[in-house]
Structures are given as structure tokens and as C-alpha cells.
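Q: The following block contains the structure, expressed as C-alpha cells.
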Amino acid sequence: MTRDFKAAVIEWLSHLPLFVGFVGLYVALDVASFIHPLHGLNITPWNPAPALGLVLVIRYGRLAWLPLAIAVVLAEVTARGPTAWSWESVTAALVLAAGYAVLGHVMSLRMTRDTLLDDRHSLAIWLLQVGIGSLLISVAYLFSLSLVGLLPSSGWWTGLTRFWVGDGVGISVMMPLMWWLSGERGRKHLRRSVLNRECVAYLLLGVGTLWLAFGVGGHSGFKLFYLLFLPIVWAASRQGMAGAIVCAAVLQVGVIVAMRLLQYSAVSVAELQILAMAMAVVGFFVGATVNEQRRIGADLRHSLRLAAAGEMAGALAHELHQPLTALTAYANACEQLLAGGESGEQLQAAIRCVLRESAKASDVVRRLQDYFRTGAPQPEAVFLVDLVESVIAPYQLRAEQVGVRLQLAPMPHAQLWVDRLQMEVVLRSLLANAFDSVSASPRQPRRIWVTAWKEGEERVCLRIEDSGSGLTAERAARLFDPAEAAKADGRGLGLVVSRAIVATHGGKLWGEVAQHGVFKVELPISDLDTPPPTQPVFSEPET
């Protein structure tokens, strides 16, 4: 006995309890779905047990082949009774088990443990594998039954159709749920998406539509079957693939129970099963589309945070410049006071100032870390005049150097509830665009002016104008398109980021069509609108 074989045996034995449970569950599912058997054989219009077998093969590979074969043989014998104990029946069952093992191996080539079948591409490939694989398995199984004399030649086409429908529907509807339940990631998604009140609501709607279709409609369930699309589309559109697979499985079981209670014929059962599969497939693709859109939205938000890195760098430099400069001055003052023998109030005041400026710098770094980690604003009460003046101040020297007249009109009294750092990034981006615009324009004099006014009692509008070239109607329509960011015209991706930041604060940012540059930012006024507080006076030492 080789070392590899011993290791394989040990690994197989370590999973023995799982395999025993699988065999029991497989047999139970096969017996429960043993309805309208053709010629007494295990050819039924609904067969969910193979979905469980495929999940086991994909998860455990060759280790699952033996328990799968045992499960298929035991299910054959248990469902059909003692007469199934013959070499003919066992041979056909082993052919069936081999087909499921091969199909599971083919699926495992594309499905990893983290695959959730929640995008349209992987879902389409999986459904194609199910359709072709179940057809080939049906042909092989029916051929083996004919070869050993268990299936008369007259029942070949009927048996092929019914078995293919049973396997195809059972696998396509039930396998996604079993696959998600077999993995930690899938179970996590199900718990987060499905265990809520809305899930109960659409499941109740599913029960109601089943009652309308089969209870009120009776044997006219075909006419009212379209009602079953309502709960699955609702679940898929609200909860994505997680809601779709749960709702599809519940509706499938409900359809089977209703057909058994109403004693539908085998032909009617097969036809309704095809409709049930179509319903599930529609729900799956709606759910996959919703999941893709959510991922795209998350990726876009992440990209906006990364794109804001350059904008935030400027804000960081300015925000840290003042406290670090003050720290240097206060530290020099402390050094001089200590050299002069000072140990009283002046030294303590200087130390308090050092601590105050250190806290400011630490707060700036913390807010930046929070923004890049979560993208969530850290709002605080900020007066409009303080916000605008802090942004304008660094540009005064630049305006003098490049010959631009920078004007700031009196600001209305308005208190905002915003993330100060993020809003400063927005205003700096707009001012930088204005400087670029006037620098590229031959118009004289070069001017940039900032004004603001209240829009009623709840909003304030800030306008930044420049004497540069304005926006055309066509350019304004495409101004916030990320694809336009690559064009070096002074208005790049900063506008896209800025509009996203303003939107998170409940405001809006836009550019107006005019002969000169006009950009406006509208923000809500805080309910905490109060007069500016009196600033505390610190006793600072002379340096």
C-alpha cells in the first residue's frame, strides 16, 4: 500500500460522517420525488437528488465518487422496492452515478469554493453545462436500461424526455441553493440577505400565488402560472441571487406539492416543470444582474475614493501646515522659556498650545484614514465664512504671483453640517480649475470672485466665477462624465470626485452655460444654525 493511497484512505475516513449523511439525504430526496415513475423505473419528472450529488463531487472531487455511487444504488433500490435488487438495476444505477461524477468533475473545472453563480456569465455557462450534461446522462442511462432489458423500446423517447426534464429541472432549480448552503461564503450571503422581514413577505406572496394558481385555479394552474413570477422577481430585484435561489426552491417545492395533491398526470407534471424551470432561470438572471450592478456600484465608490487621493493630498498639506508651523513656534518658545528659567504660567500656556495643535494634526490624519477606509464623511458644525476663508487664504499669494484678482464677497451667516476636510477638497478643486481657466484665457483683467447667498431658510448656494472661457451646452452636458477626465482642459476627474462628495452631504454641484466660468455648490444649512461662538483667548508666550 503506497503512501499516497494511505493518505487518501485517511482523508476519506475523516469525511465519513459527512458522506454517511449525504447518502441518507440523497436517498430521502430521491424517494420523496418518486412520482409518476415510468414503467416502475426511477424515471420521474422531478429529480432534485442529483443536485446534491453534484455539489458533493465539486466540493470533494474523487473522494465523493464512492458515496455518490452508493447513494444512487441505494436510492434506486429504496424507491423501487425489493424488485430492484438485481444486477440489471445495479448496473444501470452505476452508469447513472458515473454520469453524475463526470458532470460534477466538468463543473468543478470552472467552479471554485468561492464561486456563487451570481454573475450572468458564470450562470449562463453553468446552465449550459446542466442542459447538455443532463441530456447526455439521460441518453446513457436510458441506453443502459434498454440494454439490460428493463425499458421497452416503445418507452425510449417518453423516458428520455421525462428523465431529462426531471434531472434538468431538479438540478437547475435546487443546485444553487444546495451549493450556497454547502459553503461558508454562500451561507453568509444567505444569512445577510434572506433573514429579514422582506424575505418573509415575498415568501408569503409565494404561498399566496401558489394558492391562487392551484387552489383557486385548480387544474387550470397553467393559466395562472404567470403569477408565480411575481414573488421570484421581487426577491431577485431586492435581494439579488440570494433571494432568487431561496424563492425558486420554495416555489418549486410548492408546485410539486400542489401537483401531487391535485393528482396531475405525468404529462402535465412534466410541462409544469418546464415552466417552473423557466421561472427559476428568469429569477436567477434578474438576481445575477442585481448583484453585478451592486458590485459595479461598490467598485465605482472605491474608485472615487482612490481618485480623491490626489485631491486629499492637497488638503492634507494645507491642513497640516498650520498646526505643524504652530507646533514649531511653540516648541521654540518652550525651549527659550526653559533656557530663561521660566517654569510658571507662560511655559504651561505654551505647552497647552502644543497639545492643542498636536490634537488638530492628529484629527486631520484620523479623518483622512476614516475617509480612505470607509469613504464615510465625518461631519461637524462649520460656519460658511470659516470654511470659505480657510480655502481662499492659501490662494491669495498665488493670485498675486500670477496676476489674478481674487475677490471674496461677504458670506451670509450660515452654519453647515459637513465633513470640513472633504468640503475643503471640493472648494480647492473648483478654485484650482478657475485658476487654470483664467491662466489659459487671454482675457483681461484676470478675475476670480466667490459669492454666496441663501436659498430660502434651508439651503445656501456658493458660486465660484472666473473670467476664463465658459462652458458650452455640449461641454456642460458631459462635464461630469468620468471619460472626460482624461482631457487636459483644467477640469478633470476632480469634478467627478467633487460632485460625489457634495452628493454625500445632501447637496449638488453643477456648471452653468455662460461666456465665462461659473460653478455652483448648493448645500443644506444645519438645523444647529447659531451665532458664531466666542473663540477662547489663549495666553501665548512671545517668541
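The values are calculated or read from the model by the stated rules, or taken from the named source; none is laboratory data. A quick note: this is a predicted structure, and the numbers were derived from the prediction, not measured. Here the Cβ positions follow ideal geometry from the backbone for every residue, glycine too, while neighbour counts run over all protein chains shown. To get the accessible areas, we keep the full protein, side chains included, count just its heavy atoms, and leave off ligands, DNA and RNA. Shrake-Rupley method; radii C 1.70, N 1.55, O 1.52, S 1.80 Å.
One line per residue, one yes/no per condition, for (1) aliphatic (A, V, I, L, M); (2) without any contact (Cβ under 8 Å) to a residue 40 or more places away in the chain; (3) surrounded by fewer than 21 Cβ atoms within 10 Å (Cβ to Cβ); (4) within 30 Å of T289 (Cα to Cα):
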residue: P48; (1), (2), (3), (4): no, no, no, yes
residue: S89; (1), (2), (3), (4): no, no, yes, no
residue: M107; (1), (2), (3), (4): yes, no, no, yes
residue: D119; (1), (2), (3), (4): no, no, yes, yes
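Q: Another question, then. Please indicate, with yes or no, whether at least one residue in the stretch 24-45 is open to solvent by 30 Å² or more (accessible area, probe 1.4 Å), part of a helix (DSSP H, G or I), over 20 Å from G104 (Cα atoms) and free of Cβ contacts under 8 Å to residues at least 24 places away in the same chain.
A: yes
Q: Can you tell me which residues in the stretch 269-279 are out of contact with any Lys or Arg (no Cβ under 8 Å at 6 or more places or on another chain) and touching a residue at least 40 places away in the same chain (Cβ under 8 Å)?
A: V269, E271, L272, Q273, I274, L275, A276, M277, M279
Q: Okay, moving on. With respect to the numbered conditions (1) without any contact (Cβ under 8 Å) to a residue 60 or more places away in the chain; (2) open to solvent by less than 20 Å² (accessible area, probe 1.4 Å), which one is the sole condition not fulfilled by V282?
A: Of (1) without any contact (Cβ under 8 Å) to a residue 60 or more places away in the chain; (2) open to solvent by less than 20 Å² (accessible area, probe 1.4 Å), only one is false for V282: (2).
Q: Taking the options R447, R463, name whichever one is more than 23 Å from K508 (Cβ to Cβ), among the basic types (K, R), surrounded by fewer than 21 Cβ atoms within 10 Å (Cβ to Cβ) and modelled with pLDDT of 85 or more.
A: R447
Q: For the stretch 7-49, what are the residues that are under 20 Å from Q252 (Cβ atoms) and among the small types (G, A, S)?
A: If the condition is that a residue be under 20 Å from Q252 (Cβ atoms) and among the small types (G, A, S), then A28, A32, S33, A49 are the ones that fit.
Q: Looking only at residues that are open to solvent by less than 20 Å² (accessible area, probe 1.4 Å) and not small (G, A, S) in the stretch 59-76, which one is nearest to M178 (Cα to Cα)?
A: If we take residues in the stretch 59-76 being open to solvent by less than 20 Å² (accessible area, probe 1.4 Å) and not small (G, A, S), then L68 is nearest to M178 (Cα to Cα).
Q: Report whether or not S193 is in a helix (DSSP H, G or I) and touching a Cys at 6+ places or on another chain (Cβ under 9 Å).
A: yes
Q: Further, regarding this structure: For the list (1) within 40 Å of the chain's Cα centre (by Cα); (2) surrounded by 14 or more Cβ atoms within 10 Å (Cβ to Cβ); (3) at pLDDT 90 or above, I need the number of the one condition that P17 fails.
A: Going through (1) within 40 Å of the chain's Cα centre (by Cα); (2) surrounded by 14 or more Cβ atoms within 10 Å (Cβ to Cβ); (3) at pLDDT 90 or above one by one, P17 breaks only (2).
Q: Sticking with this one: Condition test on Q407, is it polar (S, T, N, Q), surrounded by fewer than 18 Cβ atoms within 10 Å (Cβ to Cβ) and at pLDDT below 85?
A: no
Q: Quick one: what pairs do we get from the stretch 383-400, first residue open to solvent by less than 60 Å² (accessible area, probe 1.4 Å), second charged (D, E, K, R), C-beta under 6 Å, 6+ apart or different chains?
A: The qualifying pairs are V391/E424; V391/R428.
Q: Checking L150 against (1) open to solvent by less than 10 Å² (accessible area, probe 1.4 Å); (2) assigned to a loop (DSSP other than H, G, I, E, B), only one condition comes out false. Which one?
A: L150 satisfies all of (1) open to solvent by less than 10 Å² (accessible area, probe 1.4 Å); (2) assigned to a loop (DSSP other than H, G, I, E, B) except (1).
Q: Same structure again: Can you name every residue in the stretch 413-426 that is of a type in the set (A, V, I, L, M) and either out of contact with any Leu (no Cβ under 8 Å at 6 or more places or on another chain) or open to solvent by 10 Å² or more (accessible area, probe 1.4 Å) (or both)? Break it down stepwise before answering.
A: Looking only at the stretch 413-426, we keep the residues that are of a type in the set (A, V, I, L, M), and these are 414, 416, 418, 421, 423, 425-426.
Selection gives V425 alone.
Q: Within the stretch 313-332, does at least one residue satisfy the condition of being over 26 Å from Y395 (Cα atoms), open to solvent by 80 Å² or more (accessible area, probe 1.4 Å) and either outside any helix (DSSP H, G or I) or modelled with pLDDT of 80 or more (or both)?
A: No: the stretch 313-332 contains no residue that is over 26 Å from Y395 (Cα atoms), open to solvent by 80 Å² or more (accessible area, probe 1.4 Å) and either outside any helix (DSSP H, G or I) or modelled with pLDDT of 80 or more (or both).
Q: Would the stretch 3-22 turn up any residue that is closer than 24 Å to A276 by Cβ, out of contact with any Pro (no Cβ under 6 Å at 6 or more places or on another chain) and polar (S, T, N, Q)?
A: Taking every residue of the stretch 3-22 in turn, none turns out to be closer than 24 Å to A276 by Cβ, out of contact with any Pro (no Cβ under 6 Å at 6 or more places or on another chain) and polar (S, T, N, Q).
Q: Taking E457 as the residue in question, decide whether it is out of contact with any helix residue (DSSP H, G or I) (no Cβ under 8 Å at 6 or more places or on another chain), assigned to a helix (DSSP H, G or I) and open to solvent by 10 Å² or more (accessible area, probe 1.4 Å). Break it down into steps so the answer makes sense when it comes.
A: On the way: out of contact with any helix residue (DSSP H, G or I) (no Cβ under 8 Å at 6 or more places or on another chain): yes; assigned to a helix (DSSP H, G or I): no; open to solvent by 10 Å² or more (accessible area, probe 1.4 Å): yes.
In short, no.
Q: Now for a separate question. Pairs under 7 Å by beta carbon, first residue within 23 Å of G159 (Cβ to Cβ) in the stretch 123-139, partner of a type outside the set (D, E, K, R) and open to solvent by 40 Å² or more (accessible area, probe 1.4 Å), six or more apart or different chains?
A: Every condition considered, the pairs that remain are Q129/V106; G133/V106; S134/W164; L135/W164; S138/W164.
Q: Quick one: would you say I171 is open to solvent by less than 10 Å² (accessible area, probe 1.4 Å), in contact with a Cys (Cβ under 7 Å, 6 or more places away or on another chain) and part of a helix (DSSP H, G or I)? Walk me through how you get there before you give the answer.
A: On the way: open to solvent by less than 10 Å² (accessible area, probe 1.4 Å): yes; in contact with a Cys (Cβ under 7 Å, 6 or more places away or on another chain): no; part of a helix (DSSP H, G or I): yes.
Here the answer is no, as I171 does not meet what is asked.
Q: I need a count of the residues in the stretch 158-180 that are out of contact with any helix residue (DSSP H, G or I) (no Cβ under 6 Å at 6 or more places or on another chain) and over 16 Å from S134 (Cβ atoms).
A: Residues flagged as out of contact with any helix residue (DSSP H, G or I) (no Cβ under 6 Å at 6 or more places or on another chain) and over 16 Å from S134 (Cβ atoms) within the stretch 158-180 amount to 1.
Q: Let me ask another. Identify all residues within the stretch 122-147 that are of a type in the set (A, V, I, L, M) and either more than 15 Å from V95 (Cα to Cα) or outside any helix (DSSP H, G or I) (or both); write none if there are none.
A: Within the stretch 122-147, L123, A124, I125, L127, L128, V130, I132 meet the criteria.
Q: If we scan the stretch 174-187, do we find a residue that is in contact (Cβ under 8 Å) with a residue 60 or more places away in the chain and either assigned to a loop (DSSP other than H, G, I, E, B) or among the polar types (S, T, N, Q) (or both)?
A: So in the stretch 174-187, the residues in contact (Cβ under 8 Å) with a residue 60 or more places away in the chain come out as 174-180, 182-183, 185-186.
Keeping just the survivors that are either assigned to a loop (DSSP other than H, G, I, E, B) or among the polar types (S, T, N, Q) (or both) gives 182-183.
Checking the stretch 174-187: at least one residue is in contact (Cβ under 8 Å) with a residue 60 or more places away in the chain and either assigned to a loop (DSSP other than H, G, I, E, B) or among the polar types (S, T, N, Q) (or both).
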